[in-house]
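Values quoted throughout were computed directly from the atomic coordinates according to the rules given, and no laboratory measurement underlies them. Just so you know, these numbers come straight off a predicted model, no measurement behind them. Quick reminder, even Gly has a Cβ in these numbers, built from the backbone with ideal geometry, and neighbours come from all protein chains shown.
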Amino acid sequence: MTDYTELSARIRALTEGETDEVALMATVACELHHADARFDWTGFYRVTGPETLKIGPYQGGHGCLVIPFSRGVCGAAARTRQTQLVPDVEAFAGHIACSSSTRSEIVVPVFGANDRLIGVLDIDSDRPDAFTEADAEALEGMMRDVFGRL
């Protein structure tokens, strides 16, 4: 299980003063991915146009390149602006299988200043039911800390 207090402090130190969204995403994806064995794919999908997410910095195997807000877990998080906690991706209607190894997933919307949707943080696990509400709360707080001032 991730020690989010320590991880948040490390990410805060690494990202202090940085304002480039892509640089921040790359750093956060790397730190998160290597912090927890449950995290099989860790990355960001960026809002690049109306109702459109495109792959951003990530760690792990290949991801889908483009995801419309109308499809998948990432699209649902962007569309509803709410964290999606999916214990079994096979049971999620409209799940997009970017990787056949994914069993569970958490997707957190990422907001900049003035509630601007920047993208989503997507973490996949090759384990079923890998994520909890505690993960959701910690990751939401971390995204606010890193991106909320941009």
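Numbers for the structure displayed
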quantity	calculated
Hull volume in cubic angstrom per residue (convex hull over the Cα atoms of the chain)	94
Protection-proxy order for peptides 100-106, 131-137, each taking the mean of Cβ atoms within 10 Å per residue, highest first	100-106, 131-137
Relative exposure of ASP115, ASP145, judged by other C-beta atoms within 10 Å (fewest first)	ASP115, ASP145
Equivalent ellipsoid dimensions for the range 105-150 as semi-axes, Å, which come from the Cα gyration tensor, largest first	23, 10, 6
FRET E, pair MET1, ALA93, Förster distance 41 Å, beta-carbon r, rounded to 0.05	0.90
For the range 3-67, alpha-carbon Rg relative to the globular expectation (2.2 N^0.38 Å, N residues)	1.18
